[in-house]
């Protein structure tokens, strides 16, 4: 009988505890618990709405600027590169449309544009380079012993041909011909350039020659001839263009070439570099110092001297 009474009391205690919990949950404790949960939900909703507003504002700004610059291109570019000789060089993954668009904007500004060709994924690779290096060292015996550095210097001095410290026209043409023969360059030919425009395609996970790996080549090229390197907005945020800026490579950099405004900014950057000889960074990414040159390049009544 004692055992039965003990169990009965225990069972009654459990039900009482449940009843008290239900009462408290529906009454005195309900309000603070509910208010706390609602406060957290409201806070998350506010954060989400704020983030969406900021994203919409940023995207809206880029779209508005892209539209404005594109529509203003004829007035912005007119004769700013009159008679200026520009060579276009591109890396793998640079689309033919991007090359065409940049060339078109340069010509809109009055530049004489030459096709310098497109580098291949093997352009700077040391693998299977003996034959190509042997041929290049016959042209330039002073090339470095390191294969990669040798290719960087040979390519840079070829495209910078006739500038101080670079190859003369004959040697530059020979190097470019040899790079084509070795399948380290597709198309292109030598032409004297006042400014070289280097188009950086975005890297992919499958790339054997990531875009960031062109920093050494660009430093050698930019140290010898005025050079503008361009890439996408993403490239300016966390890719090759940002690498150039972070490492203070001796080129003018432009991000946003994947937007129509970026091709206009590229032409303006070429005109600014040719006029001032100063390296700057332009575009939409946070790593850029300005959107466009300030002051904007002026139309030229006659070609500038290179």
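The values are calculated or read from the model by the stated rules, or taken from the named source; none is laboratory data. Keep in mind it's a predicted model, so treat the numbers as computed, not measured. Positions of Cβ are backbone-derived with ideal geometry, glycine not excepted, and every protein chain shown enters the neighbour counts.
Details
- If you go through the stretch 67-87 and pick out every residue that is touching a helix residue (DSSP H, G or I) at 6+ places or on another chain (Cβ under 9 Å) and assigned to a helix (DSSP H, G or I), you end up with 8.
- Residue within the stretch 73-84 that is assigned by the TED database to the domain that holds residue 220, in contact with a strand residue (DSSP E or B) (Cβ under 6 Å, 6 or more places away or on another chain) and farther than 18 Å from residue 221 by Cα present: no
- Out of 191, 220, 211, sole residue that is at pLDDT below 95 and either within 22 Å of the chain's Cα centre (by Cα) or more than 18 Å from residue 150 (Cα to Cα) (or both): 211
- Meets criteria (buried (at least 24 other Cβ atoms within 10 Å of the Cβ) and assigned by the TED database to the domain that holds residue 169) for residue 227: yes
- Checking every residue in the stretch 254-264 against the condition of being in contact (Cβ under 8 Å) with a residue 12 or more places away in the chain, outside any helix (DSSP H, G or I), crowded, with 24+ Cβ neighbours inside 10 Å and on the phi > 0 side of the Ramachandran plot gives at least one match.
- Odd one out for residue 168, checked against (1) at pLDDT 95 or above; (2) more than 25 Å from residue 130 (Cβ to Cβ); (3) in contact with a strand residue (DSSP E or B) (Cβ under 8 Å, 6 or more places away or on another chain): (3)
- Selection from the stretch 92-118 of residues that are free of Cβ contacts under 8 Å to residues at least 40 places away in the same chain and under 20 Å from residue 194 (Cα atoms): 100, 103, 107, 112, 113
- Filter result for residue 248 (assigned to a loop (DSSP other than H, G, I, E, B) and either touching a strand residue (DSSP E or B) at 6+ places or on another chain (Cβ under 9 Å) or surrounded by fewer than 24 Cβ atoms within 10 Å (Cβ to Cβ) (or both)): yes
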